[in-house]
Structure formats: C-alpha cells, structure tokens
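The values are calculated or read from the model by the stated rules, or taken from the named source; none is laboratory data. Predicted, not measured: the structure shown is a model, and the values here were computed from it. Please note: Cβ atoms are built from the backbone with ideal geometry, for glycine as well, and neighbour counts cover all protein chains shown. What goes into the accessible areas is simple: the full protein's heavy atoms, side chains included, and nothing from ligands, DNA or RNA. Shrake-Rupley method; radii C 1.70, N 1.55, O 1.52, S 1.80 Å.
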Amino acid sequence: MKGDGVTTQENTRRSFQPVNGARDWWQHAPMWQRYLLYIALIVFALILPAPWIGSFMSPASDWTSVLIFPIGTYILLAIGLNIVVGLAGMLDLGFVAFFAIGAYTVAIFGTKFGWNVWPTILVGIVLAAVSGVILGAPTLRLRGDYLAIVTLGFGEIVRITANNTNSIGGARGITNIPHPSPIFGMEFLLDPAPYYYLILVAIVLVIVFSVRLQKSRVGRAWAAIREDEDAAELMGVPTFKFKLLAFAIGAMIGGFAGGIYASKAVFIAPDNFPFILSATILAAVVLGGAGNLPGVILGAFLVAWIPERLRSVEWLRHLLGDKDPAEYRILLFGAVLVLMMALRPEGILPSRQRKAELREGTGGMGSLGGEVAGPDTEVAAEVAK
Amino acid sequence: MLQTLQDQFLGSTIGGLVLGSIYALVALGYTMVYGVLRLINFAHSEIFMIGTMTSLFILASIATSGHIVLGLGAMILLLLALMLASALLSGGSAVVLEQVAYRPLRKRGSSKLAALISAIGASIFLQELFALVIIPNVFGKSGRVPQNAPRFVDRDTLFPVGNAVVRTDQVLVIIGAVIVMVVLDQLVRRTRIGRGIRATAQDPEAAVLMGVSIDRIVRITFLLGGAMAGVASALYLMELENTGYRVGFVLGIKAFTAAVLGGIGNLRGALLGGIVLGLVENWSAIFLGSEWKDVTAFVVLVLVLMFRPTGILGESLQRARA
C-alpha cells in the first residue's frame, strides 16, 4: 500500500497524526493504563451534568435534559445503527422504526396493562428484534441502495400505521406513560438526573456488548460480508444468517433506546419518529466514521449537540435579524452534511480498515459501494431462483 | 363490499391513471440518473417541490381571487407556460444540485454511502431553505403551512364512463404527461445526446474512450430528469391545487417505487411502473380507506424488490436499442 502517495490522501494522513499516535499507543498500552482511562472516562461522564459544564455547553436549555435527549439517545441509536451500517455494511434508512417499536411497547404496556417499566423495556427489545427479523428475512438479499429504500419504506409503514391505528392513540399519541419504578434508591420522576445515569449505564452496556461482538467470530464474519459479500459466501460464511443477526441486534439496541425515551418523555406520538430521525442517525454514524465506535459516538454527540448549542449563539441571532437560530439549525445541518461528504467522506475518525480501503480506491464500504444487482449480473439470476 | 367496489372502481381507475402519470414523470428523473450514475438522487423530490413553487408563483401573481377564469385556448396556453417555466427552474436546480452535491464526490471516487448522505443533506437543506427563507419572502406566508393554488382549470365533466365521469383536468394531466414522455423517449432513442446517455449508462469508461464527455452527459441527464419533474409539478399543482415545502417527500418515494417497479434505468418501465402504482394505490383505497394509500405503495415496493428486483420490464437504459 506504500508508494501510492496521492497528495490529498497524504495530507489527510498527516493531519491526523495525533489520532494515529493515540491509536498506536492504545494498541500497546498495558492493562492498568487501559483501565485507568476507562475509569477516567466514567468519572468524566458522571460529572458531565454539572452546571458549570452546562453553562457553556447548553446555555439556552437544561443541560441534563439535553444530555438525555438528544445526546444520550442519539449516541445509543448510533451505536445500534453502527452494527448494521458500520460493521455489517448494510444501508438502513428505517432505523427509527425500531426506536418507535421500543417506545410504543413501553407506552402501551405501561398505560393499558399497568406494567412496570423495567420489564416492558425488555419486551420492547425483544419485539424490536423480532420485527428486525421479520423485516430482514425477506429483504436482506437486497443490497446497497435497494436495501436502503426498502428499509425507508418500512420506517414509513410503521409510522403511518401508528398514525392510523386508533387503538394505540392514532395521531394523538399516547399520554401518561408511567415513569420507571425506583431502582437502587433512585427515584424516576421529574428530575432528569436519574434518567441521565440510566442512559449512561445503557450506553456503557451497549458499548461493551458491541465491542465484544466486533472482536468475536461474529464481528469477523460481518467484516468479511462488508468487504465482499460474494467472497465471504464462497469462503463458507453463512452471510444471510450473519446479516440477519446484525439487523436484529441493531434493532434491539434501537428498541432499548426507544423504551428509555418513552419512559422519560411521558408522551409519545407518531410525529416523534419521522424519517429525518433515521437520516440524522445515519448521518451521525457516517460523519463520525462508520465502523469505529469512538468515531460514531463523537459523530452522534456532535449531531445532537451542535443544533442545541446554536440556539444560544448571540452573533448568529443578530445575523438572522432576531430570528431564532434554532429554526435554522436543520438547514445548517443539511448544508454541513453536503460539505462534510465533499471534504471528508470517510468521517471524522474513520476506522483504519476503512481508510485503507478508501486509499485502495474501492470505495471503502464493501457491498455498500458495490454494484446493485442489475438485469445482467449473476446476482440477479441468483435472486430470480 | 362488492357493491362499493362496483360503485367506485371506474372512478378510482381514472384517478389512478392521473396520479400514475404524475408518478411516472417524476420517476423518469430517478431512473435516468440511476441508469447513468448508479445513484439514487435522493434530492429529486425537492427538485419537484421547486417546480410546484415556480408554478404557484406564476399562478399567484396573475390571480386576483382563488379562481382564474379563462377560455379553453388561454387555459391550455397557461398550462404550457407553467410546464415550461417549472421545467426550466427544476432542470436548472437539478444541474446546480449535481454540481454542488454530487460532482465533488464523483471526482474523488467516494463511496455510495457518501453520495447518499450528501443527497439527504441537500434534500434537507432545500426543504428548510424554502420553509424558512423562500416561501415567507416570496409568498409572504409561513413556510410551514400548505399553500393553496388558484384554480384555473374547471372541474367539469368532459364525458361519462359507465358510472364515473372523466373531467377536463384529468384529461389534461394524462395528455400532457404522455406527450412529454414520448418526446423524452424519442430524444433518448434517436438523438446524439440520447446515444451519449445510453453509452455512458452502458459503460462509462468505454464511452470516454469513444469521445463522450461524461461530465456533459451527466449534466444533461440531470437537466432532463429535473425538467420532467418540473412538468410533473405543474400538472400536480393544477390537479391537486396545493403544495408545501415537504410536498416532494412522499411523492418522491412513490416515484422511486414506480421506477423500481418498472425496472430502474428503463424509461418505458418508469411509465408502466407509475401507472401501475397509481392504480394499485387507488384501488386499495376502496377497501382500506385513503389513509392507508401510502402504506400500500410501500408494501408494493417491498414485494417488488423481494420477488423481482429488476422490475416488471427489467430491460435497462444500458440495453435500450438505438
């Protein structure tokens, strides 16, 4: 791979030298140093809601609430979607459907049957996984763009169905969703702090789960599928099974996030689960660097936080003639996406493997970059069987 | 149930054909760009939205009330003017879109995922630009509420068919759509430009070696696809008489469904797919109620992709005979 020095790529590599240095250090760091860093990160996360941090990070709205939604929720969703997009290389534009299924499960079981929130979150995770399998089983033979559009359709089907079904509140949604019951002496009521710690625990659990998976045999199978599905199949990887697994696990994490969200929000409606949320989470994953967990978390954090921060930028308010900058944040978000893809399509902190692929010029997303089955490919013949 | 079906079937069919022609026109843009670049132009729905706004602007500036009274000749002339203006603006926007959102990525050889994200970004940007800046400044209303268009084609019965009627506006939509589609089809099949488009779709590298300028072909493809969406938008505004900053979203997905249904990359397939989708949607509304129309469209999409991902016709732009 040496000696293919195209200047722009050389520049990118050089400008991210500190990141590379940190990664090299991390790979050779002894255990006690790693655990020291983990502890430092957890301590940092614990003191994060402190008002003196909030006064800079979010002057316009309550910082702890912002940390729960959007920041914590987006991070949780992005870690889930990263398994589907970043690790297994499938393009999913309907991820919000699983978020909605988790949220609706908690809402329905809580309000109609008076269940405790904790078991309903588990039920939500299971139902999300089941719906992931139901959607995935017939459609995962599709690739790339086609899969993206089918999943987009699924997301819309879920939203419209919720909107048109009066027994689950229709367009008016579900109100009075119960708060979780106290656990470990923490009361879940109006104070946002316990929810922050709840979502923090959820994120840590999901990170550990995701990293263990990525390093296991399953993770290697996903990588093989992402790089070249046909080759993986020929080498004896049961690609369909592993793709379905990735889809179901991603869905589970989406459902988990939905359950927590519903129990915090107290009220949910179909409008809480629009397509734009799927697009935002996908953007967070790609922006951060699909396949690289720290990158994905950073991406989700930025995508969630920047619009909140823009609410209170004074010069922006003057520039817009006293209009609320918050109104313009989605517009800016769109522009940033276009710019970002033009300047740095591999993301802020790309995974090394993907960067190497990009340098090889293979597009770097395996089957995502590959051809969609056309009328004159063998794949089409396979599908037609 | 059978009685309702009998009562509503013909009316639904006519409505389905009208809706289907509009889907088909928008689908042409998806199918052409996909054929040439292997890229779903996700922001095509916003190109359509820009077209409806152009038509609305013209109508609003000549209307004094909610109804423009015209003779038949003047009416058709106005419709032609709307189609032309919308086609120009939509086509132009599509070219700018390609220049800004896709060309830099294409030059770098980025992944499809990057192109898709860029398209989603452009789509969001255009929607918000209209909602926040353009609609309030041009029409003086909030950009988030639907905008009503003045009526200029009467909803009168042209001739009865069984227990249903065919109205003037419906005939105009179908005739307009068919003429434009035939023109495009002939353009792609018979002219030099069309040959360039087909060559690029078939094998971009060989096309370059044969002296085809890819950049120029891509630009023309976007221009033509955008213009088709513009024509569709004028007809849409005449038929449905309202629009908004998000008008393109669901319509865009359905048009893409139509393109896939007919066989993506295939112009005649887009026509067929659009009509089929319009009909299926309207027929399903008889049984399920119109609020489930969109779900039907998506279910059709999933089923088509599962069982026949190459679409009904299957033959693509690459293989279209000269």
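Based on this model, can you work out whether A:Thr161 counts as hydroxyl-bearing (Ser, Thr, Tyr) and open to solvent by less than 10 Å² (accessible area, probe 1.4 Å)?
Taking the combined requirement at face value, the residue does not satisfy it.
Any residue at all in the range A:146-166 that is within 14 Å of chain B (Cβ to nearest Cβ), charged (D, E, K, R) and in contact (Cβ under 8 Å) with a residue 12 or more places away in the chain?
So the first thing to find is which residues in the range A:146-166 are within 14 Å of chain B (Cβ to nearest Cβ), and the list is A:146-166.
Narrowing further to those that are charged (D, E, K, R): A:156, A:159.
Okay, now just the ones that are also in contact (Cβ under 8 Å) with a residue 12 or more places away in the chain, so A:156, A:159.
Checked against the condition, which is being within 14 Å of chain B (Cβ to nearest Cβ), charged (D, E, K, R) and in contact (Cβ under 8 Å) with a residue 12 or more places away in the chain, the range A:146-166 yields at least one hit.
Consider the range A:281-295 and keep the residues that are in contact with a Pro (Cβ under 9 Å, 6 or more places away or on another chain) and assigned to a helix (DSSP H, G or I). The one that is farthest from the other protein chains (Cβ to nearest Cβ) is A:Gly295.
Let me confirm something: among B:Leu89, B:Leu70, B:Leu172, which residue is under 23 Å from B:Leu267 (Cα atoms), open to solvent by 50 Å² or more (accessible area, probe 1.4 Å), hydrophobic (A, V, I, L, M, F, W, C) and away from chain A (no Cβ under 14 Å)? Walk me through how you get there before you give the answer.
Values: B:Leu70 fails: under 23 Å from B:Leu267 (Cα atoms); B:Leu172 fails: open to solvent by 50 Å² or more (accessible area, probe 1.4 Å).
None of the other options fit; the residue is B:Leu89.
Within the range A:171-195, the set of residues being touching a residue at least 60 places away in the same chain (Cβ under 8 Å) and part of a helix (DSSP H, G or I) comprises A:Ala171, A:Arg172, A:Ala193, A:Tyr195. Suppose we filter A:Leu331, A:Leu349, A:Leu343 for residues that are of a type in the set (A, V, I, L, M, F, W, C), open to solvent by 40 Å² or more (accessible area, probe 1.4 Å) and farther than 16 Å from A:Tyr74 by Cα; which single one remains? Going through A:Leu331, A:Leu349, A:Leu343 in turn, the sole match is A:Leu343. Hey, does the range B:127-134 have a residue that's more than 24 Å from B:Arg216 (Cβ to Cβ), away from every other protein chain (no Cβ under 14 Å) and touching a helix residue (DSSP H, G or I) at 6+ places or on another chain (Cβ under 7 Å)? No, that holds for no residue. Scanning the range B:209-252 for residues that are assigned to a helix (DSSP H, G or I) and within 14 Å of chain A (Cβ to nearest Cβ), we see that the one that is most open to solvent (accessible area, probe 1.4 Å) is B:Val250. Every condition in (1) at pLDDT 90 or above; (2) surrounded by fewer than 19 Cβ atoms within 10 Å (Cβ to Cβ) holds for B:Thr157 except the one numbered (1). Within the range A:274-296, restricting attention to residues that are of a type in the set (A, V, I, L, M, F, W, C) and surrounded by fewer than 24 Cβ atoms within 10 Å (Cβ to Cβ), the residue that is farthest from A:Ala107 (Cα to Cα) is A:Leu293. The residues of the range A:296-342 that are among the acidic types (Asp, Glu) and more than 13 Å from chain B (Cβ to nearest Cβ), listed by number, are A:Glu308, A:Glu314, A:Asp322.
Evaluate the following for B:Leu237: is it at negative phi and modelled with pLDDT of 90 or more? Against the criterion (at negative phi and modelled with pLDDT of 90 or more), B:Leu237 qualifies. Filtering the range B:287-299 to residues that are surrounded by 17 or more Cβ atoms within 10 Å (Cβ to Cβ) and touching a helix residue (DSSP H, G or I) at 6+ places or on another chain (Cβ under 6 Å) leaves B:Lys293, B:Asp294, B:Val295, B:Thr296, B:Ala297, B:Phe298. Kindly indicate which of B:Asn148, B:Asn163 is touching a Gly at 6+ places or on another chain (Cβ under 9 Å), under 22 Å from B:Tyr236 (Cα atoms) and more than 14 Å from chain A (Cβ to nearest Cβ). After applying the criteria, what remains is B:Asn148.
For every residue, the table says whether it meets (1) in contact with a Leu (Cβ under 8 Å, 6 or more places away or on another chain); (2) facing another protein chain (nearest Cβ under 9 Å); (3) assigned to a helix (DSSP H, G or I).
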| position | (1), (2), (3) |
| --- | --- |
| B:Ala270 | yes, no, yes |
| B:Gly273 | yes, no, yes |
| B:Leu277 | yes, no, yes |
| B:Glu281 | yes, no, yes |
| B:Ile286 | yes, no, yes |
| B:Glu291 | no, yes, yes |
| B:Val299 | no, yes, yes |
| B:Leu305 | yes, yes, yes |
| B:Gly311 | yes, yes, no |
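Search the range A:174-187 for residues being over 25 Å from the mean Cα position of the chain (by Cα) and at pLDDT below 85, and hand back the single one that is farthest from A:Ile42 (Cα to Cα). Ranking the qualifying residues of the range A:174-187, first place goes to A:Ser181. Tell me which residues, restricted to the range A:253-280, are in contact with a Leu (Cβ under 7 Å, 6 or more places away or on another chain), among the small types (Gly, Ala, Ser) and more than 14 Å from every other protein chain (Cβ to nearest Cβ). Answer for the range A:253-280, where residues must be in contact with a Leu (Cβ under 7 Å, 6 or more places away or on another chain), among the small types (Gly, Ala, Ser) and more than 14 Å from every other protein chain (Cβ to nearest Cβ): A:Gly254, A:Gly255, A:Ala257.
How many of the residues making up the range A:128-145 are away from every other protein chain (no Cβ under 14 Å), open to solvent by 40 Å² or more (accessible area, probe 1.4 Å) and either at positive phi or not β-branched (Val, Ile, Thr) (or both)?
Qualifying residue count, the range A:128-145: 0.
No other residue among A:Leu244, A:Leu198, A:Leu205 is at pLDDT 90 or above, open to solvent by 40 Å² or more (accessible area, probe 1.4 Å) and part of a helix (DSSP H, G or I) apart from A:Leu205. Within the range A:264-280, restricting attention to residues that are modelled with pLDDT of 90 or more and outside any helix (DSSP H, G or I), the residue that is nearest to B:Arg246 (Cα to Cα) is A:Pro274. Counting only helices (runs of 4 or more DSSP H) that fall entirely inside the range A:38-127 and contain at least 2 residues that are away from chain B (no Cβ under 14 Å) and open to solvent by 40 Å² or more (accessible area, probe 1.4 Å), the qualifying elements are A:51-57, A:96-112. Scanning the range B:124-150 for residues being open to solvent by less than 20 Å² (accessible area, probe 1.4 Å), part of a loop (DSSP other than H, G, I, E, B) and under 27 Å from A:Val336 (Cα atoms) gives a total of 1.
One residue alone among B:Ser61, B:Ser45 is of a type outside the set (A, V, I, L, M) and buried (at least 21 other Cβ atoms within 10 Å of the Cβ), and that residue is B:Ser45.
Out of the range B:106-121, which residues are open to solvent by 10 Å² or more (accessible area, probe 1.4 Å), in contact (Cβ under 8 Å) with a residue 12 or more places away in the chain and within 7 Å of chain A (Cβ to nearest Cβ)? Result: B:Lys112, single match.
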